[in-house]
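The next block holds one structure in the form of C-alpha cells; read it before the comments.
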C-alpha cells in the first residue's frame, strides 16, 4: 500500500482518536491538525486512503470513517498541536424532542422539557435537537435502541443520506433512496423491509442524521 508520510500520519491520527474517544476525527479537525488551509486538503487525503484500502467511509454518516488496516506509528510530529477548544463555544444545549423509530414508524412523540449538554465536535453538521431511537433497524450504521441521535433540521436531503422522515404523522430514521418516480426509506438491518412511500401519503423530510450519543445503560 503506497501512502505518503502525511497519509500515514492521518491514518495514525484516526486510529488514535478512535482508541481514545471512540470516534474518528472530523475533516475539520484533520485539516486543523495538519495545517491545511481548508477541509479540501483533508478530503483529498481521505479519498487517497480509501482508494488504497486503508479506510472505509460510510456515506451519510457523520465521522463515518472505519479503519481497514492497522496504521504504523506517525513518521513525524504534526505541524502543530491544535489549540484546545473553548468549552463554552464547543458546548451544545439540545432538547430531546421525543422518539424516532429505527424499525417500523411509530407515532410522533414530540415535546419535552429535557435538555442535554453535549460537545459540538460529536456532530456534523450541527444538530438542532435530539431524538431517542426505538428499535434496531439501523444497527448496521451503528445506531441502536436507546441512542440519542442528533438531527439537523432541513426539508431537503440527497439520496444515500440518513434522514429523519415523517410519513402520515409518524416519524422514522432511515437511509433515503430517491428514484425517478419513487421514494424509498431503507433500513440497515436485513431483518427489516424497505418502506415504499406511496403517492397518496403525506411525506416530508424532517432533518438529517448528524451523529449520536449513547447514554450509559
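The values are calculated or read from the model by the stated rules, or taken from the named source; none is laboratory data. Owing to the predicted nature of the structure, the values given are computational and were not obtained by experimental measurement. Cβ: placed from backbone, ideal geometry, glycine included. Neighbour counts: every protein chain shown.
Being more than 22 Å from residue 58 (Cα to Cα) and in contact (Cβ under 8 Å) with a residue 12 or more places away in the chain is true for just one of 178, 118, 148, 186. Which residue is that? Quick ask: steps written out before the conclusion?
Values: 178 fails: more than 22 Å from residue 58 (Cα to Cα); 148 fails: more than 22 Å from residue 58 (Cα to Cα); 186 fails: more than 22 Å from residue 58 (Cα to Cα).
None of the others qualify; the one that does is 118.
Checking each residue in segment 166-188 for being assigned to a loop (DSSP other than H, G, I, E, B) and under 21 Å from residue 151 (Cα atoms) picks out 168, 169, 187, 188. Give the residue, chosen from 150, 146, that is at pLDDT below 95 and assigned to a strand (DSSP E or B). On inspection, the qualifying residue turns out to be 150.
From the list 121, 163, which residue is part of a helix (DSSP H, G or I) and farther than 13 Å from residue 98 by Cα? Steps first, answer last, please.
Numbers: 163 fails: part of a helix (DSSP H, G or I).
The unique qualifying residue is 121.
Exactly one residue out of 207, 150, 146, 211 is within 16 Å of residue 98 (Cβ to Cβ) and in contact with a helix residue (DSSP H, G or I) (Cβ under 8 Å, 6 or more places away or on another chain): that is 150.
If the condition is being within 15 Å of residue 140 (Cβ to Cβ), within 21 Å of the chain's Cα centre (by Cα) and surrounded by fewer than 18 Cβ atoms within 10 Å (Cβ to Cβ), then segment 178-194 contributes 186, 189, 190, 194. The helices (runs of 4 or more DSSP H) located wholly in segment 2-72 that include 3 or more residues which are on the phi < 0 side of the Ramachandran plot, free of Cβ contacts under 8 Å to residues at least 12 places away in the same chain and more than 16 Å from the chain's Cα centre (by Cα) occupy 5-21, 39-51. When you check residue 97 against the structure, is it in a strand (DSSP E or B), modelled with pLDDT under 90 and touching a helix residue (DSSP H, G or I) at 6+ places or on another chain (Cβ under 6 Å), yes or no? For residue 97, the condition - in a strand (DSSP E or B), modelled with pLDDT under 90 and touching a helix residue (DSSP H, G or I) at 6+ places or on another chain (Cβ under 6 Å) - is not met.
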